[in-house]
1. Yes or no: Gly111 touching a Lys or Arg at 6+ places or on another chain (Cβ under 9 Å) and closer than 17 Å to Leu190 by Cβ?
2. When you scan the range 54-65, do you find a residue that is under 18 Å from Ser112 (Cβ atoms) and either in contact (Cβ under 8 Å) with a residue 24 or more places away in the chain or charged (D, E, K, R) (or both), even just one?
3. Would you mention how many residues in the range 442-500 are assigned to a strand (DSSP E or B), touching a Phe, Trp or Tyr at 6+ places or on another chain (Cβ under 8 Å) and among the aliphatic types (A, V, I, L, M)?
4. Is there any pair with a first residue in the range 564-581 that is in contact (Cβ under 8 Å) with a residue 24 or more places away in the chain and a second that is of a type in the set (Asp, Glu) whose Cβ atoms are under 8 Å apart and which are 6 or more apart or on different chains, and what are they?
5. Which pairs turn up if I take residues in the range 127-139 that are at negative phi and in a loop (DSSP other than H, G, I, E, B) and look for partners that are of a type in the set (Lys, Arg) and surrounded by 11 or more Cβ atoms within 10 Å (Cβ to Cβ) with beta carbon separation below 8 Å, at least 6 apart in sequence or on another chain?
6. Tell me whether the range 777-791 contains one or more residues that are over 26 Å from the mean Cα position of the chain (by Cα), modelled with pLDDT of 95 or more and part of a strand (DSSP E or B).
7. Take residues that are in contact with a strand residue (DSSP E or B) (Cβ under 8 Å, 6 or more places away or on another chain), within 30 Å of Tyr909 (Cα to Cα) and of a type in the set (Asp, Glu) and tell me which of the strands (runs of 3 or more DSSP E) falling wholly in the range 25-118 contain 1 or more.
8. Only residues that are modelled with pLDDT of 95 or more and basic (Lys, Arg): list them for the range 119-173, please.
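The values are calculated or read from the model by the stated rules, or taken from the named source; none is laboratory data. Here the structure is a predicted model, which is why all the values come from computation and not from measurement. Note that each Cβ is placed from the backbone with ideal geometry, even for glycine, and that neighbours are counted across all protein chains shown.
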Amino acid sequence: MRRLALCFALAVGTFACSQLPASVTSTVISSPSPVVIPSSKVVTDALRPLTFSDVMQFREIKERSLSGNQQLMVYTAEPDYGDSTGYLVNVLTGQQFSVPYADRGLLNADGSFALFRQRSPLLLREQATDKAGRDALAHDAVLLNTATGEQQLFRAIDRFAFSGDGSQALLLARKADSKDKTQLLTAVQLSAVGRIAQGTQTELGQVTEFAVAGQGSLVAYVHAFSDKDDDSLQLQQVMLWDAAFDRRFELSPPSAALNQQLTFSADGQQLVFFAGNRPDDDNKETEIAQQLWHWPAELNKAAPHALEREGWLLSVQQAPRFSDDGQRVFVGFRPEPAVVTEPSAKPETEADLFATERLLADRRLQVWHGQDDRINPQQKAEYQQALKRTAPAVFWLDEEKLVPLGDDVEDRLQLSEHSEALLISNGRPYLLDMTWDGRFHDVWHVNLRTGERQQVFARNRSIERAHLSPSGRYALYQQAGQWQLFDSKTGERRILGADANVSWLDETHDRPEPAASYGVAGWLADETAVLVYDRFDIWQLSLDGSSTNLTRIGRDNRQRFRLERTDPKALAIEPDADVLLSRFDEEDKSYGFYQLSLSNQTLKQLLADSKRFDLVEALPELGGYLYTEQSFRQFPNIWYATADFSKRRQLTDLNPQQAQFLWGDSHLIDWYTEDGERLQGVVITPDGYDVNRRYPVLVYYYEQFSQRLHHYNQMKVNHRPNFPFYLGQDYVVFLPDVRFREGAPGPSATESLLPGIDRLIELGIADPAAIGLHGHSWSGYQTAFVVTETDRFAAAVAGAPVSNMTSAYSGIRWQTGLARLFQYETGQSRLGVSMFENLEPYLKNSPVFFADRIHTPLLIQFGDKDGAVPWEQGIELYLAMRRLSKDVVMLHYEGEGHHLQRFANKLDYSIKMLEFFNHYLKGEPAPDWWQQGMPYQSYD
């Protein structure tokens, strides 16, 4: 009665009662935090609103890499639509050079030279009328002197690399004809004094593959040529070129075998590669047995090794991988294929004509068996991937000993630099359960010397992994809410951190499946303890059973501390190290960097602000860091900071044109739901915002969005509304959090959104008659449902929404081939039961069954190749609203998936979205497509 009375009291312009009862008893609602959102102080006279063409030209940082001494960095500035630019910047001085129309930058070892790919301008590519015209356009390489900025162009280059010592630029020429099987490899000598050398090029020959040693002057390549006595016979030979002395070595004899997967050891002193027969052109999927060839620096020739396992073939599908110490090579095996006899395609006699075996050979049948490990569509989606799955093995080079590590192609070896043991994950026993219960796996500890396996855990969620100690003796894992330690020496297990009065599992988890752990920061190098996370703090769990909160202040201040991995290859953390931490404040959404001294457990703030900070890379050679800082108004350019962050320098400036445009400011507000739960959201007000007027508001949401307070909005034209663009159109943008109740995802959205809208109205921000709702995918579903429960929104856009949970439940995610059942029983839809256990929540959470209650104009968007949500879900809602004479239009983009990919479609949707909201929220004339539709169009 309390709930009904409250709904009735608030019904006028506020709440419509949810169709499902609340699972939490209503409480007295607390008052929201006081907030003042002032008028904007930005002078807007010289600023203009963004156009879609402006949005397209904002750039992002891509393909970043450093020189060996970490003093120079190359990166690509890539726009949403347009031409990329390659940049080189000196980390210490900030000096910068650029290469137009360029990307894929590389630096040589000492940073004296950089290489970039350079293509023709987009205008020329768009002007080309066919593939031949596009192929004829420039696809070159540019060599850049990093000290002077001097550039040299090398035309028609497909791929490039530097030798490990940085003395040579290796250039692989483009194929003159796409049918060519070889390409010319040329080496360009680089001057030791930094000048681009002239006329010092060495042609290494026609090759099918090449590799450069990470250190030193060696280059390996597969030389391809015709037999001198038989031009139709193609031969191959693996060659080694030592650039330092311009000497070539024949590592393997000429043969008709196919040589591939050239792989150097980390120090460049060893090489391995595969050699095997050429695949049959009529059946290229047939697995071909490989030989592993190995060359050590002390020899002039490579030697083959017959790595044999009964019933298995050494597979090219798993590239050989050296351990960093060069002692081991990891390889993979595939089961030996069964011999299949193909019936004759042409009948030779009357009896052959009617032979059932011959006739059946032309069938096109797929059998969906109820007990298949993977359902048939998943098998199809993973077919090529399945052909590449291998059982792991390790080859010890000194002993020439092969150690099989698994006998199942579902074994996933967790490769690392542990020298004695590794971990293997396998989910085969639970593949059938994946249809409705999600992914599970077992984890095994495997001895690299003997192949002996010991099970670490069974049937754990796949997101939970085990963490191997530095020596490989111990494995830490979370199961049943506890951190457990497996000792491979004794086979024993014990619980760690039992005395810590905190939860190791996600405290905010609201899905009907076990919550995930907060994770592991890392082992201490002496194996006396391991560092783990709770929601806020970092804990040291000692193997003696004791536990220590290292950061201490996190929970009391609602601040989340996490260890930054400054050395991705390190197996452990030194016990007395000073480590870098990131900090996020759950309350005000601010970020920071801290230093934690493990020796005395002191915590020191290095950098903190009402911004977001992210570590890009540690620079041990310079004693500093690369990081980004951003806010809603500040693009996340890359900065260099000294180790204590006392000195900082901005290195990139990708979008200086932003200063021309109207932008905005982000603010944090909170509110309470009917049952007393506090939620937060981000209000983004435009430049020129006036507290004395109310604004049309665009609501965009998913689940938790308040953490975006200090996020720079990605500047792209896509399926999402671009926030700065809408601010320039005089909108306010609202990003609210949504909390969910099990069994009631649709009503949960209504219960979360409406009091947030009330808060905007109460603060004098929102025009109550001009509020629009936009959601895509999961929030597309929520949008479709919310408008069945309330008329508060003047217009709504639902991209790729589920409308009928009963039909979607039994559908397929066609991109992955996975059945959709698990999404509803244990996943994002949060219904918690199968449709056969309880049909009611499937019905009551389906917008299509309540379409008669929709009074909000609704724009639906779908691609007919959506691999996540069946596009028939959009059709169901469209037809229901059409039958009921509701205001609805569905934008159907042909050939598109869950997110639009063709730029023309992204732009068209963005324009129509704006026209739709402008009509209903700002009173502008309705566009023709909304008033009259558009006849069927036939596209080539």
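1. Taking the combined requirement at face value, the residue does not satisfy it.
2. Yes; the residues of the range 54-65 include at least one that is under 18 Å from Ser112 (Cβ atoms) and either in contact (Cβ under 8 Å) with a residue 24 or more places away in the chain or charged (D, E, K, R) (or both).
3. Total satisfying the criteria: 8.
4. Lys569/Asp324; Lys569/Glu417; Leu571/Glu417; Ala572/Glu527; Pro575/Asp526; Leu580/Glu564; Leu581/Glu564
5. Going by the 8 Å Cβ cut-off, the qualifying pairs are Ala128/Arg134; Leu137/Arg119; Leu137/Arg125; Ala138/Arg119; Ala138/Arg155.
6. The answer is no; no qualifying residue exists.
7. 59-66, 72-79, 102-107
8. Hits for the range 119-173 are Arg119, Arg155, Arg159.
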